[in-house]
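Structure, as structure tokens:
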Amino acid sequence: MTDPTPSTLPAWLQAQKRLRGAEVALRHKRLGVWQVLTLTQVHSQVLAVAGALQRAGFGAASSLVIVSRPRPEALLGALAAQWLGGVAVLLDPLDEASAQQEVVRRLAPDFLFVEGLSELTLATAAGLTPGLLFYADGRGIADPSLPSWAQLAAQAAEPLQPVQARPQGSAFGFHRLAAGGVLESQHLSHAQVLEAGRLLVATECLVAEDEALAARAFATSGQARYLLGPWLLAGFRLNFPETLATRDNDRRELGPTFVLGTRHTYGRLHEALDQRLPVPGSLSRHLVDWALAPGNGLWQRTLGQWLIRKPLRDALGLSRARVPLLVGAPLDPAAQALFVRLGVEVRAWPDAPRWQSTQDAGAVAPHGALQPV
Amino acid sequence: MASHPLLELQGISLSFKGVKAINDIGFSVREGDICALIGPNGAGKSSLLNIINGVYQAQQGVIRFAGTERTRMRPNEAARQGIARTFQNIALFKGMTVLDNVLTGRNLKRRSSWLEQALRTGRAPAEDNRQRESAERVIEFLRIQPWRHEVVASLPYGLQKRVELARALASEPRLLLLDEPMAGMNAREKQELSSFIVDINRDLGTTVVLIEHDIGVVMGLADQVVVLDYGRKIGDGTPAQVRRNPDVIAAYLGTHP
């Protein structure tokens, strides 16, 4: 039973830590081994980084711009910023580089967290001089004046103010360069993230025993509402792949029960599936199609389940997928049909981000200057 | 940049049945540098690499590595002293996985006895974990995690080259000898491997001696270029110096500046 009173994301982290501090909250594969972080460790790292942000002048009117692929530091950095009442602005480093650089340049953040050297180069090329710039992966970064995430997280957490976030305050910000070079934004408040999360947890019956794998599209409103919010609410384990290139292997190893993907995610799985199936028109493909066809015959069901469905679901890492969800654009009908025949019924959740054109000045900074949509 | 030479060769000569493959060659490589050996086929580049790591024994001359002078050394001794290499033709255990191949590079770092390893007692279990972690660090460094459990024979050529580099790196060498690491690669693969060689040199401080035919790659990578021709050294200096050397231009580059 969790405390019903939390109304912001960091408050939920605090409540979960009080209730189940020793339980595993995050897992991240490093050097071939899954490293774990308990809720207590997550909480203390968030506090340590929030302390470093505060010392650097971060306050309720500030934003932390995070340019990172999915990794625990990006999530914990967002929570640290939110703890102080600020906004976590997530940018995807895999977006087109020149547009990304332009977005970062226009945002001109005072607080910036980058994943590694290439993201740092992006910031440097944009001519930025943030008050605090820190990074996760130090490979190739020669500047000793830049602190790493590990250095900040290892600092003793100083007494912080209680959670400064407000339910209606902006929790996440997303920005993109639209046609004509217009900077568009969307903000999600704590209340919006938690409301969407609560609905998903209740509808899909997510529980603390579930396992989720963070998807490639980390810096999206759909992930914030349907993955990060539910993670704090339900208290399940959130797993981060070793790298984006290993995420298929990692999914196979984990067998997550909760899969939140986009059309691209399932499209990739569909392609992988197609490559494993016999060539269309061949005898073996007819047999596979027969075994997978909906029917009640005992032979058909048994053969289909043990010889086709189960091995294919294992190969895709969907063997335990109890809650396979899709956010954003709908699936290709052929892909949808094939997943259904495999017994993976992908359910779509609405994600209609409302992008607003914004002025360059103050696009990130003033808390509440942009109304959450 | 360090100023002390890690490797010094003086008056090295090697003959095969009376045919001089290498004739009185001498040069030194500073610690932390990338040195490229260039020259036409048959110039003696690979033979020189084989002398440095003890596969061939020079008939004349002296090699000084990390301050220790020697005239003869076996390959296993060279490996113990911190010299690792890759080969012109990939020499991996093709039926083994990437991880197992990289782990073979850690063999010299093991301290447990064969009996402890066979029975998995004493120092062996803890050592296994340490070796695995070290191998995984190299795998991460060279970004071959997605293929760590793949059998090497199933990988494309460029990746196999990277695995061979990983195996050499796993022994934590002070000097890395690369024999045509980019042979047979396309432009993208060359660029990728070049950046890994730079990373190895910069981040791990490993001194690199490499043989490469792609002059563009050499000039972009190397701090020092040694030019061989018919077993003789005809040039030695920075890429800019070598580019202006008239002997090199005449014998190798074949064009006038």
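No lab work stands behind these numbers, since they all come straight from the coordinates. This structure is a prediction, so every number in the text was calculated from the model and none was measured. Cβ placement follows ideal geometry from the backbone for every residue including glycine, while neighbour counts extend to all protein chains displayed.
Some notes on this structure:
- With Rh defined as the Kirkwood radius, the inverse of the mean 1/r over Cα pairs, the Rg/Rh of segment B:64-131 is 1.05.
- Excluding exposed DSSP-loop GluC sites (Glu not before Pro) (at most 13 other C-beta within 10 Å), longest clean stretch of chain A: A:210-344
- Based on alpha-carbon atoms, the Kirkwood radius and the radius of gyration of the protein assembly as shown give Rg/Rh equal to 1.04.
- Cα-Cα separations in segment A:217-271 greater than 19 Å, expressed as whole percent: 29
- When both bridge partners sit in chain B, DSSP labels roughly 55% of those beta bridges antiparallel.
- Segment B:94-171, relative contact order in percent, only Cα pairs under 8 angstrom and at least six apart counted: 53
- Shielding value for A:28-34 is 4, the average number of Cβ atoms from other chains within 10 Å of each residue's Cβ.
- Helix B:124-141 vs. chain B, principal-axis angle (Cα, 0 to 90°, nearest 10): 50
- Binned Cα-Cα distance frequencies in chain B - 10 Å width, integer %: 7, 29, 34, 21, 7, 1, 0
- Percent breakdown of C-alpha pair distances by 5 Å bin, ordered from the shortest bin, for segment A:260-349: 3, 14, 24, 26, 18, 10, 4, 0
- Inter-chain Cβ neighbour count for B:140-150, averaged per residue, equals 4 (cutoff 10 Å, partner chain atoms only).
- Calculated over segment B:106-244, the projected area of the Cα convex hull averaged across directions stands at 10.6 nm².
- Taking all pairs of distinct alpha-carbon atoms in segment A:156-226, Kirkwood radius in angstrom: 14.8
- Most simply put, chain A has about 35% antiparallel DSSP beta bridges, counting only bridges with both residues inside it.
- As a proxy for reagent exposure, B:V226, A:V89, A:V346 were ordered by neighbouring Cβ count within 10 angstrom, fewest first; the result is A:V346, B:V226, A:V89.
- Rounded to 5, the percent of DSSP beta bridges in the protein assembly as shown classed as antiparallel: 45
- A simple charge model with +1 on the Cβ of Lys and Arg, -1 on the Cβ of Asp and Glu and nothing else charged puts the dipole of chain B at about 560 debye relative to its Cα centre.
- Ellipticity estimate at 222 nm from DSSP helix runs (n ≥ 4, -39,500 (n - 2.57)) divided over chain A, nearest 500: -11500 deg cm²/dmol
- What the Cα atoms of segment B:199-247 give is an Rg and a Dmax of 11.8, 35 Å.
- Calculated log₁₀ intensity ratio I(q)/I(0) where the Debye formula runs over C-alpha points of segment A:9-87, q = 0.15, 0.16, 0.19, 0.27 Å⁻¹: -0.53, -0.60, -0.81, -1.26
- Charge tally around A:T38: other residues with Cβ under 15 Å, Lys/Arg +1 each, Asp/Glu -1 each, net +4.
- Between 0 and 90°, nearest 10: helix A:263-276 axis offset from chain A longest Cα axis: 40
- Legend: mean number of C-beta atoms from other chains within 10 angstrom of residue C-beta atoms, peptide B:179-190, equals 0.
- Segment B:94-171: translational diffusion in µm²/s, Stokes-Einstein, Kirkwood Rh over Cα pairs, 4 °C, 1.567 mPa s: 102
- Extreme residue, positive dipole direction of segment A:9-254, given options A:A178, A:L53, A:G235 (C-beta unit charges): A:G235
- When each of B:K20/B:K233; A:K310/B:K161; A:K310/B:K94; B:K109/B:K190; A:K29/B:K190 is checked by Cα-Cα distance, pairs over 25 Å: A:K310/B:K161; A:K310/B:K94; B:K109/B:K190; A:K29/B:K190
- Percentage of interatomic Cα-Cα distances in segment A:9-254 larger than 24 Å: 43
- Stokes-Einstein translational diffusion, segment A:97-149 - Kirkwood Rh over all Cα pairs, 1.002 mPa s, 20 °C, in µm²/s: 194
- Mean separation of Cα contacts under 8 Å, 6 or more apart, over the residue count of chain A: relative contact order %: 18
- Segment A:260-349, relative contact order [Cα under 8 Å, separation at least 6], %: 39
- Exposure proxy for B:I22, B:I63, B:I215, B:I52: other Cβ atoms within 10 Å of each Cβ, ordered fewest to most, give B:I215, B:I63, B:I52, B:I22.
- In plain terms, the residue of A:F113, A:F258, A:F339 with the fewest other Cβ atoms within 10 Å comes first and the most crowded comes last, giving A:F339, A:F258, A:F113.
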